[in-house]
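Okay, structure first, notes after.
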Amino acid sequence: MVDNERLEFIRLWADYVRTHEDREWSRQQNKVIDSQINSVREFYRRYPEIKKRILERYRLKGLKK
Amino acid sequence: MEWVDDYTIKLDKELSELDKLLFSFLQVLRKYTNYVIVSGYVSILFGRARATEDIDVIIEEIDWNAFQNLFKELENNEFWCINASEKNAFSLLEEGLRVRFAKKDEIIPNIEIKFYTSLAEKIAIENALSVAIQNRTIRISPLELQIAFKEVLLASEKDLEDAEHLREVFKDSIDEEKTEHYKKLLESEKKW
């Protein structure tokens, strides 16, 4: 089930990507990607116990198909 | 972005943290085996405005000796395996399971590798597209197969949005007949 409003935004952004220079859309996209990754890094720096628990989950996940 | 030929797309994008991580991983991986990138990162590579915790890479099977060398070289390049030791990692791969590598001291984002086990994964490797970005070339799944995979097999809200993004960005080049063909193939694999 896809939210129609979200889908409309996806289409608008994809149209922007299609019709603009790669450097232009990627500069904006990178702000989203890099800030999310940096937030996660900061989160794990602050909360090493949670990092440890997530790691354990990854190890268990590796055992499932 | 532009199609250079039927199997090559040229991208002149600025690199994100995800791109840099992947390129540094592939610099090592490509010495040992053939690979193809699938799933969410393919949509992200072409502009989808979201991050991901992992990048999925399907590889051709390698033997224990080659894997040991790959593992060592990844470690020398500041990667570590987050879900298994060297020996266990190889056993997981042999069982058709996934092994994840991240930069040292990190767990997200990570790169997930697995040996190809299904017909769809074999098709993805054998028919991979090349994407040229800043003097590098990476191999990704055919777009039609990616769309079919996300719409038929995964089908979560995020996956359907990824598929829609690819459909819109490549609206002039997606071969709908091919997408339908892949959908039928995946439906039949699903039944098994």
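The values are calculated or read from the model by the stated rules, or taken from the named source; none is laboratory data. This is a predicted model, so every value here is computed, not measured. FYI the Cβ positions are ideal-geometry reconstructions off the backbone, even for glycines, and counts take in every protein chain you see. Side chains are part of the model used for accessible areas, which takes the heavy atoms of the whole protein and leaves out ligands, DNA and RNA. Shrake-Rupley method; radii C 1.70, N 1.55, O 1.52, S 1.80 Å.
The order of the peptides A:48-55, B:177-184, B:113-120 by mean Cβ neighbours within 10 Å, most packed first, is B:113-120, B:177-184, A:48-55.
Averaged per residue, the stretch B:1-125 has 39 square angstrom of accessible surface, using a 1.4 angstrom probe with ligands and nucleic acids left out.
Averaged over the residues of peptide B:16-25, the number of Cβ atoms from other protein chains lying within 10 Å of each residue's Cβ is 3. Assuming charge only on the beta carbon of Lys and Arg (+1) and of Asp and Glu (-1), the dipole of the stretch A:2-60 about its Cα centre is about 580 debye to the nearest 20. Cross-link partners of B:K87 among lysines, defined as those whose alpha carbon lies under 27 angstrom from its own and excluding same-chain residues fewer than eight positions apart: A:K51, A:K52, A:K61, A:K64, A:K65, B:K31, B:K72, B:K103, B:K104, B:K114, B:K122. Each of the peptides B:15-21, B:135-141 was scored by the mean count of other Cβ atoms within 10 Å over its residues; in descending order, highest first, they stand as B:15-21, B:135-141. Sorting the segments A:41-47, B:126-132, B:56-62, B:154-160 by their mean number of nearby beta carbons within 10 angstrom, highest to lowest, gives B:56-62, B:126-132, B:154-160, A:41-47.
A:F9 sits with roughly 120 Å² accessible to a 1.4 Å probe, with DNA, RNA and ligands left out of the calculation. Among the residues of A:19-26, the average count of other protein chain beta-carbon atoms within 10 Å of the residue beta-carbon is 5. Summed over both chains, the area buried between B and A is near 3700 Å², taken from the accessible surface of protein heavy atoms with a 1.4 Å probe.
Roughly how tilted is helix A:4-19, in degrees to the nearest 10 and between 0 and 90, from the longest Cα axis of chain A? The answer is roughly 70 degrees. Give me the lysines in straight-line cross-link reach of B:K13: C-alpha distance below 20 Å, same-chain residues under 8 apart excluded. In chain and number order, the partners are A:K31, B:K171. Net charge dipole, the protein assembly as shown: roughly 1120 debye, given to the nearest 20, about the Cα centre with Cβ charges of +1 for Lys and Arg and -1 for Asp and Glu.
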